[in-house]
Amino acid sequence: MPATDWKRTIAVIGAGTMGVGIAQLAASHGHIVLLHDVAPDAACKAKAGLSQRLDSRVERGKMTADDAKALLDRIRPVADLADLAEAGLVIEAIVEDLTVKQKVFAELEKIVATDAILATNTSSISVTSIARVLAAPGRMVGMHFFNPAPVMKLVEVVSGRATAPEVAQTVFDLAGNWGKVAVHAQSTPGFIVNRVARPFYAEALRLFEEKVATPVMLDALMTEGGGFRMGPFALMDLIGNDVNYAVSQSVFEAFYHDPRFRPSLAQMELVNAGHLGRKSGRGFYDYAKGAPPPVAQTLPADPALVQPAPIDPGQPCVIEGTHIIQSDGRLAREIARDRGAPVMVLDLLNSDGPAQRLGFAISPDVPQDVVARVTATLQGQGTACTPLPDWPGLVVMRTVAMLANEGFEAVLQGVASESDVDTAMRFGVNYPNGPIEWAREIGLGRVLAVLDNLHSLTGDPRYRASLGLRMAAME
Ligand code: NAI
């Protein structure tokens, strides 16, 4: 078979949510896109749906009618796999099933040119396993887009054991030409994003299970204090608790039940109850019409109690004998005993973020008057205060420490570089900072202390620190 110009013709297999988005993206960059789906008419219907969405973009002045027409003309629904012969790159976005994917690629290999690149958009299946059925597995690579593919910036370029480095580099460069931010990852469960993001949900769920705070309180601390775009509970309700729980479960299974990835019984109960989130009208929140919007409580503050000097939550200070320090994972009562003084522990505040809300815990001997003075001063600086029970690592600090820990572990295992882990989390799930760079900013010693203290207080091996983090903290 002749060598193909893959720069011109691309094939997309599977015309569902992801396939049509990828087809739109490729066509918008001038490629001819052959779109194939096993269901008769699915590709034509997907193209008709896209046409409607583009019409609405034209109406809103976001795109010209000529551009929309040209883009659609480049997308060509085809009925048979054999019609994909001229494609130089095939991106598969069919059902998430190893056997079905292997069957499609084994057939496809006989149809396309020998230098055609075969890519899979799988989100959870090993690229190595899919490639195993190929005569030339070196040309198979993962090209993991995020939903919606035309909008979300990140593409994880996933190499299986056999993937040729130049094949991975070719699709990496192509993703860049399509305006995406690409990262390299080795084929391991969850790749980068779906693995490193687990603690974002898991820590929130654990705090919820332990009744530390309500979903609305925890979400408010993560968004207004941590600077995350969405809180974990609002996000789980948006993704769907069934989908989010299934991803957690699949990562947990894939890591041989490593406790770091243990799914949450509380979330399972929501799924059992059919409280799937927005799509079912109820999840952690109630989406019924007329349901009162959840409100995060703020401690009332008396302006008369504002202290003359501002308080920097990242710097320790002493106010009327009470030690005010940022969390290192210990309980306030433990630190108070060690220091022989009352202690107020502050949660992590993202200094680049809005810094509008800060959680805190106190040892039992802190005078109420001091709490009133500190919270009045912080609220005078624009930071609302949320009292929390005396709990290890509080909310934002423990979550960020666990995200960073997973990032360091992925780097240690050669899944990706430090900077690709950070990039993936910033562009794949819109985190305000990459977890590793964030940990470096907090101080690796403190992050390690948070994990070690959580580990020793809970006795739960999920909090064991990554050797990668421990060694980096010694540098
Ligand atoms: P979908 O269910 O919307 O679409 C799948 C399409 O593939 C359907 O139209 C189906 O008829 C077709 N199909 C099934 N078997 C086929 C075969 N043998 N040959 C040709 N077409 C076939 O699924 P979705 O959500 O688009 O996911 C597709 C792939 O992308 C999966 O591997 C999924 O894990 C992955 N993915 C999904 C994301 C998402 O948010 N939905 C994000 C990133 C990856």
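Test residue 291 against the stated conditions and say whether it is in contact with an Asp or Glu (Cβ under 6 Å, 6 or more places away or on another chain) and modelled with pLDDT of 90 or more. Against the criterion (in contact with an Asp or Glu (Cβ under 6 Å, 6 or more places away or on another chain) and modelled with pLDDT of 90 or more), residue 291 does not qualify.
For residue 68, the conditions (1) touching a helix residue (DSSP H, G or I) at 6+ places or on another chain (Cβ under 6 Å); (2) within 23 Å of residue 107 (Cβ to Cβ); (3) away from the ligand (no atom under 12 Å from the Cβ); (4) of a type outside the set (Lys, Arg) are fulfilled apart from (2). Of the set (1) under 31 Å from the mean Cα position of the chain (by Cα); (2) within 16 Å of the ligand (Cβ to nearest atom), all apply to residue 62 but (2). Taking the conditions exactly as written (in contact with a Ser or Thr (Cβ under 9 Å, 6 or more places away or on another chain) and over 28 Å from residue 250 (Cβ atoms)), does residue 43 satisfy them or not? In short, no. When you check residue 239 against the structure, is it closer than 30 Å to residue 98 by Cβ and at pLDDT below 95, yes or no? So residue 239 fits the description; yes.
In the stretch 86-104, the residues that are free of Cβ contacts under 8 Å to residues at least 12 places away in the same chain and assigned by TED's automatic domain parsing to the domain that holds residue 144 reach residues that are within 10 Å of the ligand (Cβ to nearest atom) and of a type outside the set (Phe, Trp, Tyr) with C-beta atoms within less than 7 angstrom, at least six apart or across chains, in these pairs: 100/94. Here residue 141 clears all of (1) in a loop (DSSP other than H, G, I, E, B); (2) more than 14 Å from the ligand (Cβ to nearest atom) except the condition numbered (1).
Quick check: is even one residue across the stretch 346-356 touching an Asp or Glu at 6+ places or on another chain (Cβ under 8 Å), at pLDDT 95 or above and not small (Gly, Ala, Ser)? Scanning the stretch 346-356 turns up no residue that is touching an Asp or Glu at 6+ places or on another chain (Cβ under 8 Å), at pLDDT 95 or above and not small (Gly, Ala, Ser).
Would the stretch 386-407 turn up any residue that is in contact with a helix residue (DSSP H, G or I) (Cβ under 9 Å, 6 or more places away or on another chain), on the phi > 0 side of the Ramachandran plot and surrounded by 18 or more Cβ atoms within 10 Å (Cβ to Cβ)? Yes: one or more hits.
Determine if the stretch 37-60 includes at least one residue that is touching a Phe, Trp or Tyr at 6+ places or on another chain (Cβ under 7 Å) and assigned by TED's automatic domain parsing to the domain that holds residue 174. No, there is no match, as no residue in the stretch 37-60 is touching a Phe, Trp or Tyr at 6+ places or on another chain (Cβ under 7 Å) and assigned by TED's automatic domain parsing to the domain that holds residue 174.
Does residue 58 qualify as being free of Cβ contacts under 8 Å to residues at least 12 places away in the same chain and among the β-branched types (Val, Ile, Thr)?
Here the answer is yes, as residue 58 does meet what is asked.
Scanning the stretch 24-58 for residues that are hydrophobic (A, V, I, L, M, F, W, C) and more than 11 Å from the ligand (Cβ to nearest atom) turns up 25, 26, 27, 32, 33, 34, 44, 48, 50, 54, 58.
Checking each residue in the stretch 106-138 for being within 11 Å of the ligand (Cβ to nearest atom) and either part of a loop (DSSP other than H, G, I, E, B) or of a type outside the set (A, V, I, L, M) (or both) picks out 107, 120, 121, 122, 123, 124, 125.
Each row is one residue, and each column tells you yes or no for (1) more than 16 Å from the ligand (Cβ to nearest atom); (2) farther than 16 Å from residue 425 by Cα; (3) modelled with pLDDT of 95 or more.
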{"residue": "213", "(1), (2), (3)": "yes, yes, yes"}
{"residue": "221", "(1), (2), (3)": "yes, yes, yes"}
{"residue": "231", "(1), (2), (3)": "yes, no, yes"}
{"residue": "247", "(1), (2), (3)": "no, yes, no"}
{"residue": "252", "(1), (2), (3)": "yes, yes, yes"}
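Test residue 266 against the stated conditions and say whether it is surrounded by fewer than 16 Cβ atoms within 10 Å (Cβ to Cβ) and not in a loop (DSSP other than H, G, I, E, B). For residue 266, the condition - surrounded by fewer than 16 Cβ atoms within 10 Å (Cβ to Cβ) and not in a loop (DSSP other than H, G, I, E, B) - is met. Checking each residue in the stretch 98-135 for being exposed (fewer than 15 other Cβ atoms within 10 Å of the Cβ) and under 19 Å from residue 11 (Cα atoms) picks out 100, 103, 106, 107, 110, 114, 115. Here residue 194 passes the criteria (1) within 16 Å of the ligand (Cβ to nearest atom); (2) part of a loop (DSSP other than H, G, I, E, B); (3) of a type in the set (S, T, N, Q) except the one numbered (2). Among the residues making up the stretch 144-184, those that are surrounded by 17 or more Cβ atoms within 10 Å (Cβ to Cβ), of a type in the set (A, V, I, L, M) and within 16 Å of the ligand (Cβ to nearest atom) are 149, 152, 154, 155, 157, 158, 171, 175, 182, 183. When the helices (runs of 4 or more DSSP H) confined to the stretch 321-430 are screened for residues that are within 20 Å of residue 455 (Cα to Cα) and over 20 Å from the mean Cα position of the chain (by Cα), those reaching at least 3 such residues are found at 332-339.
The values are calculated or read from the model by the stated rules, or taken from the named source; none is laboratory data. Computed from a predicted model, the values in this text were never measured in an experiment. Methodologically, a virtual Cβ is constructed for each residue, glycine included, from the backbone with ideal geometry; neighbour enumeration extends over all protein chains shown.
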